[in-house]
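Inspection log for the structure reproduced underneath, given as structure tokens.
We did not get these values from a lab; they are worked out from the coordinates using the rules stated. Keep in mind it's a predicted model, so treat the numbers as computed, not measured. Methodologically, a virtual Cβ is constructed for each residue, glycine included, from the backbone with ideal geometry; neighbour enumeration extends over all protein chains shown.
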Amino acid sequence: MAEKQHMDIVFIGHVDHGKSTLVARLLLETGGIDPHIIEKYRVQAESMGKSSFELAWVLDDLKEERERGVTIRSQITEFSTTKYDFTISDAPGHKDFIVNMIRGTRQAESAILVVAATEGVMPQTKEHLILAKTFGIGQVIVAVNKMDAIHPPYNAERYYAVKENVEELLKSIGYKENEYNFIPVCAYFGDNVGAPSKNFSWYNGDTLLEALNRLESQKMPIDLPLRWPIREIMKVPGMGYIPVGFIESGTMEVGDVLLFMPANKKGEVRSMERHHKAVRKATAGDPTGVDFRVIGNWDKKRELRGGHVAGHVSNPPTVAKTFTARIIIFNHPGTIQTGYSPMIHCHEARVKCTMTEIEKKIDPRTMEVIEDYPHYLKKGDFAIVKFKPLLPLVIEKGNEIPKLGRFAIRDMGQTIGAGMVMDIEKKEF
């Protein structure tokens with residue numbers, strides 16, 4: 001039997017639109033979880049007055065998540081279809097946990113946008129789609145969920161109204177018609193998830209599992225230089241402190257000598273794990289934990305942290321003194337001038353950067369310059385600007401290592417823009 005392809009996918013959407021429930025339903029439909037576990041959670045949920053939350057609790061296992069009824073962390077799990085082995089990130093929908101949502105989104109190849117038919121497009125629906133586009137997700141399945149909760153239930157008219165609104169949003173962000181499709185579902189009861197439902201007699205398209213099998217696997221950037229952003233440092237009994245994170249480009253093998261930047265520290269790979277299984281080689285797209293031997297006199301626990309990036313010593317990650325980028329302003333209540341210092345989210349790093357120069361305002365349709373050195377930018381503007389990181393930041397040119405060249409611009413609790421790095425003035429060590 002041919003080995004299945006692997007794909008990373010993220011579930012995104014507004015809070016309480018049913019992402020965690022849909023993930024759990026997929027696990028149940030594909031044999032990824034025992035039905036007895038669901039029954040145990042059902043009894044526990046009812047005892048807490050959270051009836052119907054049993055599926056969501058498969059992933060929302062923190063006490064605070066269960067009490068509040070919202071996902072806080074970006075949870076990672078796995079399931080398989082007839083074509084793919086999927087690694088899923090269930091991204092938080094609440095605006096308070098958007099940083100965790102970004103973590104779950106940036107390494108995915110595809111996304112399932114969950115939109116409740118009861119509410120339709122909501123603030124996080126839009127922000128999550130913007131971030132998905134920013135981080136290079138080119139395929140989106142829109143699951144119009146909670147079709148059982150509208151009046152009348154499973155109403156086709158309501159489905160098509162929501163579909164029209166979401167499609168308008170997708171196009172405004174830059175998605176083309178061949179990059180998305182829509183499926184009506186009820187995650188809680190399983191309608192149209194694994195098998196067609198008589199409740200959708202008016203619908204003759206794919207089920208969700210069929211749509212997942214139709215996704216096209218992207219060519220992973222394994223031929224590019226190794227870039228392994230660290231998500232966190234975990235303490236493992238018997239092994240000590242282990243950095244973990246998704247490899248964004250290149251390959252890593254046991255015996256490789258790595259340079260961690262901006263710490264500027266070396267280590268030799270002793271062993272690796274992928275999905276809790278020992279491997280000798282990992283490539284772009286793999287969630288990887290590494291035990292390494294320190295080279296020199298330094299301390300893993302004190303000197304490494306989330307947002308640092310490892311690469312081979314022969315081609316180390318780039319630390320920017322300044323960087324020039326092409327940006328778009330999606331949403332800002334006023335004007336943006338030089339001196340503006342938003343938070344830049346790139347790979348696992350979050351660093352404040354000051355806009356030191358607005359070099360050009362450009363026409364997004366033709367990419368021609370319409371104004372040199374404008375005094376300010378506002379919502380809807382495209383521009384070329386220069387940033388100066390206020391703390392050391394690993395970032396790469398977008399045309400060289402795309403995953404580390406794209407970034408989101410956040411301020412005032414919202415995503416106000418996105419950008420792609422064009423040029424970098426390197427910081428010397």
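With the gyration tensor restricted to C-alpha atoms of segment 320-426, the semi-axes of the equivalent ellipsoid amount to 19, 16, 13 Å, longest first.
The H on the amide N of residue 81, modeled in the peptide plane, is under 5 Å from the matching H of 86, each at least 5 residues off or on a different chain.
Could you tell me whether segment 252-404 comes out rounded, prolate or oblate from its Cα gyration tensor? Rule is a ≥ b ≥ c as square roots of the eigenvalues, rounded for a/c under 1.5, then prolate if a/b exceeds b/c, otherwise oblate. Cα axes put segment 252-404 in the prolate bin. The order of 82, 338, going from fewest to most other C-beta atoms within 10 Å of their C-beta, is 82, 338.
If you wrap the Cα atoms of the chain in a convex hull and average its projected area over all directions, you get 22.5 nm². Placing dummy labels 7 Å off each Cα toward the beta-carbon, the span from residue 80 to residue 264 is 4.7 nm.
Among 304, 26, the order by Cβ neighbours within 10 angstrom, fewest to most, reads 304, 26. Restricting segment 231-317 to trypsin sites (Lys or Arg not before Pro) that sit in a DSSP loop and have at most 11 other Cβ atoms within 10 Å of their own Cβ leaves 280. Each Cα pair under 8 Å and six or more residues apart adds its sequence gap; the mean of these over the residue count of the chain is a relative contact order of 12 percent. Residues in segment 210-220 carry Karplus couplings, in order, of 5, 5, 5, 5, 7, 4, 9, 5, 7, 6, 6 Hz; the curve used is 6.51 cos²θ - 1.76 cosθ + 1.60 with θ = phi - 60°, and Gly or Pro positions show x. Near residue 113, the amide H atoms lying under 5 Å from its own belong to 12, 141, 142, 143; only residues 5 or more places off or on other chains count, and H is placed 1.01 Å from N.
Along segment 149-163 the Karplus relation, 6.51 cos²θ - 1.76 cosθ + 1.60 evaluated at θ = phi - 60°, assigns HN-Hα couplings of 9, 8, 10, x, x, 6, 6, 5, 4, 5, 4, 5, 5, 5, 4 Hz to successive residues, with x for each Gly and Pro.
Converting phi to 3J(HN,Hα) with the Karplus coefficients 6.51, -1.76 and 1.60 and the offset θ = phi - 60°, segment 121-127 yields 5, 10, x, 6, 4, 5, 5 Hz in sequence order, with x at every glycine or proline.
Amide H contacts for residue 265 (H built 1.01 Å from N in the peptide plane; partners 5 or more residues away or on another chain; cut-off under 5 Å): 260. Counted by neighbouring Cβ atoms within 10 Å, the residues 15, 166 run from fewest to most as 15, 166.
According to the square roots a ≥ b ≥ c of the eigenvalues of the Cα gyration tensor, what is the shape class of segment 228-312, taking rounded for a/c under 1.5, prolate for a/b larger than b/c otherwise, and oblate for the remainder? Rounded, since a/c falls under 1.5. What whole-number distance in Å separates the alpha-carbon centres of segment 149-216 and segment 408-424? Answer, in whole Å: 31.
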